[in-house]
Each structure stands twice: as C-alpha cells, then as structure tokens.
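K.L.:
Dropping a structure here in structure tokens format, bear with me for questions.
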Amino acid sequence: MSKIIKIEVDDRNGLTCIHYEDGYRHYYEDIRIGLSWPVKNIPGYYCIFGQVNYANEFGKKPVRYFTEKDSKDIISLFNHMSDYASLLKAKRIYTDLGGEFEEYREIISEYCSENDLHGLHLKQAPWANNFHYSVRALIQEYRDTKAMEYPENTTLGEQVNSITEDDHDPERFDKFYAVKALKYVLASFRRYPPTGGMTSHDADRMQQLYGPPGIRAGNGPLNM
C-alpha cells in the first residue's frame, strides 16, 4: 500500500479524496469506525473502513480497510483511534451502546471533553444484537459480492477467515472481537448509507480538481 500524502474533503458533497505517493487517488463517500469494547480478558478493538463512490460489477459500493488496533486499555485504544480518525476525517464510531457498556461510554465522554474531541461521536450500531443477520448474512454478503477489501495479514483478516459455524453462537463470539467491530461498521453502511455521492457534475468537478480516480485496490494498512 502506497503512503498517503494528502487527504481532502469536498465541502459541497462530502466526498473525501485521498492522495497516495504513487500518484493514485481514491474518493470515499464516508469513512467510519467500528468499535468493540473490552470484555473480560478480551481486548477492545477498532477498525476504520471507507466506502468508495462507485459500484463494482455486483452493483455494490465496496468498503476498504484503513487501519486497526486492539488493546485492553480503553484510553490507549481511543487515543490511537482518535489520531487516525482525525487524519482520515472519520467522525462516527459505531458500537454497542447497551447498558452494560455505560462505564466505558462515560470514560470516553470525559476523554473527548478533556482532549477537545467534539467531532467524534459514538453511535449505536444497527442490529447490534441481531447476531444471525449481522454476522451470517451481512458479512457474508459483503464477501460474496466482493464489496469488502481488507488485508489477510491483519487481526481482522485472521478472524474473518478463521471463524466457523460453531463460533456463530453469541456466547462464543466475544473472542472474535475484530469481526464484531466489522459487523458494526458494515451494518452502519447498510442501514445508513452515505448521503454523499457524485452527480455527473460532481464527477467532472472532482476530476478537474484531482484527476481521474485511481484503480489500485487500496486495501492495505496505512503506511505513514
């Protein structure tokens, strides 16, 4: 994955243009974060994905991986997350806001206030407790329609590729914390699709500003 050298947001239509060192550019309708909280001896985890502004051969707009991190220390995790959220212009964090995580929500609220992170917002992930739809159907659909791009040699890639039918029991699912965060962010794109997107006029304007969109996959980790 080529190094990111510049990130710009078109204020008129909300598209994020990411410029890479190799000369390629990619346009994203939105960039979002999926977050799973620490549970017992299992670390918390986040991943960041962006939805591109064009459809693939299946008529789906792919989402692309940017980065991930896991930690049992929620402040350390959020500190890392906020740095990349600021870089990538990501503002929404989708997670489970159930009552059992109220303590974490209060910690994060205080952290954001103390560090002037008012642009980051915790959001309830759609279908957070609908395990069968979000894992068995939603993630599988994204894979089957080639609408999800992520590196294999990541925690997320390892967990997505190793989860089995036996692990689809919610009682056993906590150890797949990366898959859990993934399902949160995918569900957000499904339930709340980005309102940005290019009309033909927008497309012409973006190409005048930035040149034609790149064709490279762009699915590797950030190389800063």
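K.L.:
Using 0.36 nm per residue of separation minus the Cα-Cα distance, give me the extension gain between Leu87 and Ile42 in nm, one decimal. Before the final figure, lay out each step's value.
P.N.:
Working: separation 45, 0.36 × 45 = 16.20 nm, distance 2.74 nm.
Computed gain between Leu87 and Ile42 is 13.5 nm.
K.L.:
Please compute the net charge surrounding Lys3, taking Lys and Arg as +1 and Asp and Glu as -1 over other residues with Cβ under 12 Å from its Cβ.
P.N.:
On the way: positive: Lys6; negative: Glu21, Asp22.
Around Lys3, the charge tally is -1.
K.L.:
Based on other C-beta atoms within 10 Å, arrange His121, His80, His26 from fewest to most.
P.N.:
Values: His121 11, His80 17, His26 22.
The most exposed by this proxy come first: His121, His80, His26.
K.L.:
Between Arg136 and Asp116, what's the calculated FRET efficiency when r is the beta-carbon distance and R0 is 35 Å? Round to 0.05. Kindly include the intermediate steps, with their values, before the conclusion.
P.N.:
Working: r = 41 Å, r/R0 = 1.16.
Given R0 = 35 Å and the Cβ-Cβ separation, E is 0.30.
K.L.:
Also, I was wondering about something else. Against the 2.2 N^0.38 Å scaling, with N counting residues, where does segment 4-210 land? I'd like the Cα-based Rg ratio to two decimal places. Each step should come with its number before you reach the end.
P.N.:
Working: Rg = 17.1 Å, N = 207, 2.2 N^0.38 = 16.7 Å.
Taking the Cα Rg and dividing by 2.2 N^0.38 Å, one obtains 1.02.
K.L.:
So, in nm, how far is label Phe58 from label Gln124 when the simple model puts each one 7 Å beyond its Cα toward the Cβ?
P.N.:
2.9 nm
K.L.:
With +1 on the Cβ of every Lys and Arg and -1 on the Cβ of every Asp and Glu, and nothing else charged, how large is the dipole of segment 78-186 about its Cα centre, in debye rounded to the nearest 20? Can you show the working numbers first?
P.N.:
Numbers: 12 positive and 20 negative charges, 111 e Å.
My answer is approximately 540 debye.
K.L.:
Still on this model: Each residue of segment 92-103 in order: what ³J(HN,Hα) in whole Hz does its phi give by Karplus 6.51 cos²θ - 1.76 cosθ + 1.60, θ = phi - 60°, with x for Gly and Pro?
P.N.:
10, 10, 9, 7, 8, 9, x, x, 5, 10, 4, 4
Read-outs throughout are calculated quantities, based only on the coordinates presented, and are distinct from any laboratory measurement. The model shown is predicted, which means the values in this text are computed figures rather than measured ones. Using ideal geometry, Cβ is built from the backbone for each residue, glycine included, and neighbour counts are taken over all protein chains shown.
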